[in-house]
Structures are given as structure tokens and as C-alpha cells.
Amino acid sequence: MCGIMGYIGDRETTKVILEGLAKHEYRGYDSAGIAVIKDGKISELRTTGRVFQLAEKVAAEHFTGDFGIGHTRWATHGGVTENNAHPHMSSDNNVVLVHNGIIENAREIRAELEAQGIKFHTETDTESAVQYLGWVYNGDPKEAIVKLTRRIRGAFALVIMFRDRNNEIWVARKGSPLVVGHAGNEGFCASDPTALLEFTRDVWFMDDDEMARITKEDCIFFDFEGREHEKKSMHLDWDAAMTSRGKYPHFMLKEIHEQPDVVAHSLLGRVANGEVDLSHELSWTAEQIAGWKKIHFVACGTSHYATIVAAHIMETLGNFEIRTEVASEYRYRNIPIGPDTLAIFVSQSGETADTLHAARLAKAKGAKCLVITNVRSSTIHREVGDALITPAGPEIGVAATKTFTAQITVLTLLGMYLAKMRGELSPETEKRLTTALMDIPSKLASILTQEKAIEQTARNFADARGFFFIGRGLAYPPALEGALKLKEISYLHAEAYPAGEMKHGPIALLDKELPVVALVPQGELWEKTISNIEESMARKSPIIAIATEGDSEISHYSENVIYTPKTEPELFPFIAVVPLQLFAYYVARQRGCDIDMPRNLAKSVTVE
Ligand code: M6R
């Protein structure tokens, strides 16, 4: 949440910062701002709204500087106003900074400084940090930042400039992501490494309790006591082209279309000759695996739904004792966690605060931890260590799509691998599922050829009051994800229920304005789901059915059928989710919503 960019070098400062902020916009887009130092003076420009509006202001005012910092905001403390937009400046105009995170003791610091006569100008928690810095600064930035980090509590990534330091940007991190890059005579910092890709692919991921001084010449790292240390850089395996929209009107649509390739990449090197093998990524012995009696899946949002898919599949593969938990709850419940627990944390970004804190708790309680993430070297990856990477490439649309299919691919392989190592996966099941998995990319590609028809169905229902999504067994988790996609980007109310649960209450809501999206694959639960469809039809709800190709009966129940290719029953979620993503996309498009940056959301949720 919130995106930060800093630049020092010989290019046009505002251009680099504005481009960097545009790449960060999916982290927050309530307001944007930029500050530069020129001829020993700090100037800043801020606006509510988007980065392009800031760019218009920058151009209109010929705003320029020698080096600078920028911010795109997802409001936490203080309304969405220009005054609350970052950067924030100390009252003496000596210090300016941008911040991602929450300063928990901001009120206390503010009261203390106001008592000293310092005037505050905003409602933000961030202002307490900059005013404090202004107050303690006596010409030594490092010393002032050390004092600040001792005084503030909470989570922060801070990027700071001091008026009298004409070749220095300072950064400090605790709890919020921050990455630093240096190439030639240019230094950069950003919340998200994708913003640095066009400048450098060798970066330093800042750790907690670490700060750095970035100049044209170099980057020097210190701990929060001010002691200098060496730090190893990491090479990013993404490239700048991956962060462009290409021929698509929205990143979300591009990312939906990337899914056949993403699944193929996720299988690569993990499946061969009908067998699954993760031993090159997980150096676990059969004895260790046998010792983990409990499996905890912990994640948020879409990643949580991917774990529900995984749990359903794993239950069909072996005798696993599995829990799926929302990360923000896992931490605060008294769930038995110990050395007999394999705790698996799933996070696209690898920066989600709730998931990160849950992982720290499980680690502290002695569980074996594994992370499944799309961002190599993300905080959760660095902290947990053992990892399976989803090779989906950067996902820019706020609504997760391709990373969900990558996650369920990797999770399915993990479930198979664990079952195999425990001696519970028969060679026949292994062969059957690996063969079916290898066919998923072409099946997804065939669903994508139905895009026009799905668009038409979406248009027909774009004015609905809301939607129910129903499914049984393995059709239920993709229903959850389909409903989440729809509410995130179209702002329509959408709820998913196990189809059999509707009659226990939610059915009271049904009428002709509340369509039901029924996931009804052929198989043992088909008839039962059809009964639930009948119950909905009896309440006049229009039915949109996601059914299996060749299902000649389904047309008796719905005039709006999206047919999906046949696959093995366990893999239905792969096939079901893509039409649901397209459906949500086209409903939102018909309703004129801002698809890639839906209101109130941010891609990477770094606050609790
Ligand atoms: O980066 P993570 O996978 O940890 O993010 C978890 C959720 O915040 C995320 O899936 C969110 O629900 C997305 N907006 C889903 O589209």
C-alpha cells in the first residue's frame, strides 16, 4: 500500500520519478506527489487523484529538480486531500519525506512536538516522522534517522531528503517493502522492484531495521544503530517488457490471457515423464515429511482461495490433516502450531503484512514453514527461506488472475509431491494427474477463444443487483474466487456459497434481479447441484451455468451456459476460474469501472 520512488542521477528527475510512480500506482491511487531539491531548496507538488494528474501539474509548472522523491498514496490516516498527500515537509522546510506504512505512536509524537511549538499541517501519521526529524536534525542525517527509528513505532519505508545535503537520498525500512538500485552514476529506490527494471536488474532489498544512503556514486547500508555493513545485491529475473500492457486495454485482460503460458511455466522442471519432482527446490527427506502431521495453509484474499483449492485436492490424494486459515485470523487464535506442523504461506506479492506476521508466529512456534510466492526475494521469501516460486511474472492488475492459476498449479504439485513422499500417491494417480496438468494450458487457451460469448453474457447481466456463485466440492473454491473478482472490480455484491448451503438462509435473497452463477461440472455432484439450480430457478433467479462440454442436459436449466473442456475432476478449478475472471472483467467494463485500479484497493497490502 502506497508506492514510493526516489531518484538521484543525471536524467530528468521528475520524468524518472513520474514513470516510477506510474508503475507503483496499483499500490495506491488516492493522491500523488513529488518533491525535489534544486539549488539547495526543497520544492514539492501534490495532487489528489492519479499520477497522470500529477504529471500534468509537473508539466504545467515546469517543475524540475536535481534529485527527488515521489509517492502514490493509499490513504490510512487522514482523508484523501491534497494537503494529506505525500511528500511531507518539516515546518522548518529542512526535511522532506515519503512514507509507506503506519506510524502507530504518531499522536503521541505530535502532542510532544506541538508542546514544543511545532505546527502540524496535515492529518497524517507521516507528518509526525518528518516533524520529528526536522526537530532532531543537526546536520547529520544518519544520526537524525537513528533517533527517529528509536522514537517511532509501527511499519515504515521512508525515503528522506535533507535540504542541505545536495547529493543524498536516505531510506529506512521496518516492516514495509523497499528496494534500492544503483547503476553507473544513478541511484534509485522504490517500493516495488518492477519500477527499477528499466534502469537496473541488480538491486538490494532492504531488510527490517536497515537504512541506506544513496548518492550518485554509491549506496551505503547501515543498521538502526548507524553501523555500516556490506550488503549483497540480487539479480531480478524479470524484464521491463513484462510490465507493459502490450495490445490489451487493461493489465487484467492481458494477465488473464497469459494463463496458458503461466501454467506451462509453473509445470516446467517440476513434472517430467508422468512424475512430479520438487526435490531440487525442497530438500526435505521422507522422514521429515512424515513428521509433519498437520498442514496449515495460511494466506489472504485470492491466495487464500488458492489454498482452499489445494486443500480440496490434497484431501483426494492422501490422508492429510489440513487447515486453511486467513492470515489475519491465524495470528490471533490459539491454534496448536509446533514442530509437527508444516505451515504453508501463500502470497503473490510476498509482502502482505498479515501473511508475513502469521509466518513469523508459526516460525517462532517451531513449525516448518514454506512460502509460495510470485516475487523472489520478497520479504516473506527472505524470512521463511524454503520457497516455491510461481513463475507468473509481474502481475499489475490489482485483481489477481494469473497468479491464482500459478498458485493452484504449484500447490497441486506440492500436494502430489507430499503424498508421494508419504507413500500415499499411487503411480496411476500421479500419471493421470500429471498428464491432465500438462493438458491444462491448451484447455485454458480453448476457453479464451470463447471470450466474445462470455463478454455477451456479462453484458446481459451487468445491471444485476448482485450475484450468487454456487458450487459443490471442487466447484466451490473457484466460486469463491469468481465472486471475489466480480466484487473487486465491478463493485457489485457477490457471494459464493456451497450450493447445498443456499437453502439454509441465503436463498431468502433470491429473486429475478439476483442471478446465480452455478458451477456444475459433470461428475458425481452434478445431480445435487442441479437440484440447487432448480431451487434457485423456483425463486426466479436467472442462472448462468459453467458446465462441461457435451453436457446436453444443462440447457434445460439455463439459457446462459459457458462450456468448459473436460478435465480430471480434481482439476476443475483450473478450468472454471478463467471464464469467471472474464465474466467479472466484462461486467466491470460494461459498468465503466476502473478495472486495473478498483476503488479502495491496493495490490500489495502492507498494513494489518
Ligand atoms: O500478495 P498476496 O497474495 O499476499 O495478496 C493477498 C490479497 O491481498 C490479494 O489476493 C487480494 O485479495 C487481491 N486483490 C485479489 O484479487
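Miscellaneous remarks
- Leading residue by the ranking (surrounded by the fewest Cβ atoms within 10 Å (Cβ to Cβ)) among those in the stretch 219-232 that are at pLDDT 95 or above and in a loop (DSSP other than H, G, I, E, B): Glu230
- Pairs, first in a helix (DSSP H, G or I) in the stretch 346-361, second more than 9 Å from the ligand (Cβ to nearest atom) and of a type in the set (Phe, Trp, Tyr), C-beta under 7 Å, six or more apart: Ala358/Tyr330
- Candidates are the residues of the stretch 316-334 that are in contact with a strand residue (DSSP E or B) (Cβ under 7 Å, 6 or more places away or on another chain) and either in contact (Cβ under 8 Å) with a residue 60 or more places away in the chain or not hydroxyl-bearing (Ser, Thr, Tyr) (or both); the one that is nearest to Arg422 (Cα to Cα) is Phe320.
- Test: residue in the stretch 293-309 that is under 19 Å from Pro391 (Cα atoms), crowded, with 24+ Cβ neighbours inside 10 Å, among the β-branched types (Val, Ile, Thr) and within 11 Å of the ligand (Cβ to nearest atom): yes
- Test: Thr81 is touching an Asp or Glu at 6+ places or on another chain (Cβ under 9 Å) and open to solvent by 10 Å² or more (accessible area, probe 1.4 Å): yes
- Condition check for Gly318: modelled with pLDDT of 95 or more and away from the ligand (no atom under 15 Å from the Cβ): no
- Selected residue (only one of Thr403, Thr449 is open to solvent by 10 Å² or more (accessible area, probe 1.4 Å), over 13 Å from Arg270 (Cα atoms) and of a type in the set (Ser, Thr, Tyr)): Thr449
- Annotation: Met502 fulfils all but one of (1) open to solvent by less than 10 Å² (accessible area, probe 1.4 Å); (2) closer than 29 Å to Thr403 by Cα; (3) not polar (S, T, N, Q); the unmet one is (2).
- The C-beta contact set for the stretch 368-381 (first residue farther than 19 Å from Ser266 by Cβ, second residue open to solvent by less than 10 Å² (accessible area, probe 1.4 Å) and near the ligand (Cβ under 8 Å from one of its atoms), distance under 7 angstrom, 6+ apart or interchain) comprises Thr379/Gly350.
- Counting only residues that are modelled with pLDDT under 95 and part of a loop (DSSP other than H, G, I, E, B), the stretch 67-90 holds 13 of them.
- Considering Leu425, Leu388, Leu413, the condition of being away from the ligand (no atom under 11 Å from the Cβ), over 24 Å from Lys174 (Cβ atoms) and in a strand (DSSP E or B) is satisfied by Leu388 alone.
- Residues within the stretch 452-475 that are more than 16 Å from the ligand (Cβ to nearest atom) and open to solvent by less than 50 Å² (accessible area, probe 1.4 Å), tallied: 15
- Filtered residue count, the stretch 152-166, keeping only those that are open to solvent by 30 Å² or more (accessible area, probe 1.4 Å) and within 20 Å of Asp92 (Cα to Cα): 4
- Residue in the stretch 49-66 that is part of a strand (DSSP E or B) and either touching a strand residue (DSSP E or B) at 6+ places or on another chain (Cβ under 6 Å) or closer than 14 Å to Met89 by Cβ (or both) present: no
Condition check ((1) closer than 16 Å to Pro87 by Cβ; (2) modelled with pLDDT of 95 or more; (3) not in a strand (DSSP E or B); (4) not hydroxyl-bearing (Ser, Thr, Tyr)) across all residues:
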| site | (1), (2), (3), (4) |
| --- | --- |
| Arg150 | no, yes, yes, yes |
| Pro177 | no, no, yes, yes |
| Glu198 | no, no, yes, yes |
| Val203 | no, yes, no, yes |
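- Residue match in the stretch 241-251 (condition: modelled with pLDDT of 95 or more, touching an Asp or Glu at 6+ places or on another chain (Cβ under 6 Å) and open to solvent by less than 60 Å² (accessible area, probe 1.4 Å)): yes
- Flag for His71 being closer than 15 Å to Thr126 by Cα and either crowded, with 24+ Cβ neighbours inside 10 Å or touching a helix residue (DSSP H, G or I) at 6+ places or on another chain (Cβ under 6 Å) (or both): yes
- Index of the failed condition, Lys603 passing every other in (1) touching a Phe, Trp or Tyr at 6+ places or on another chain (Cβ under 6 Å); (2) away from the ligand (no atom under 16 Å from the Cβ): (2)
- Arg599 vs. criteria of a type in the set (D, E, K, R), more than 21 Å from Ala499 (Cα to Cα) and assigned to a helix (DSSP H, G or I): no
- Restricting the stretch 329-345 to residues that are closer than 22 Å to Leu388 by Cα and not in a strand (DSSP E or B) leaves a set whose member that is nearest to the ligand (Cβ to nearest atom) is Tyr330.
- Selection status of Glu123, outside any helix (DSSP H, G or I) and farther than 26 Å from Lys23 by Cα: yes
- Residue that is surrounded by the most Cβ atoms within 10 Å (Cβ to Cβ) [pool: residues in the stretch 345-378 that are touching a helix residue (DSSP H, G or I) at 6+ places or on another chain (Cβ under 6 Å) and of a type in the set (Val, Ile, Thr)]: Val346
- Within the stretch 545-601, the residues that satisfy the criterion of being open to solvent by less than 10 Å² (accessible area, probe 1.4 Å) and closer than 30 Å to Thr76 by Cβ are Gln581, Ala584, Tyr585, Val587, Ala588, Ile595, Pro598.
- Residues being of a type outside the set (Asp, Glu), in contact (Cβ under 8 Å) with a residue 24 or more places away in the chain and crowded, with 24+ Cβ neighbours inside 10 Å - total across the stretch 114-151: 9
- The condition (being touching a Ser or Thr at 6+ places or on another chain (Cβ under 8 Å) and either within 25 Å of Glu315 (Cα to Cα) or of a type in the set (A, V, I, L, M) (or both)) is satisfied by just one residue among Val384, Val371: Val371.
The values are calculated or read from the model by the stated rules, or taken from the named source; none is laboratory data. Values in this document were obtained by computation on a predicted structure and should not be read as measured data. No Cβ is skipped: glycine too gets one built from the backbone with ideal geometry, and neighbour counts run over all protein chains shown. Only protein heavy atoms, including side chains, enter the accessible area calculation; ligands, DNA and RNA are left aside. Shrake-Rupley method; radii C 1.70, N 1.55, O 1.52, S 1.80 Å.
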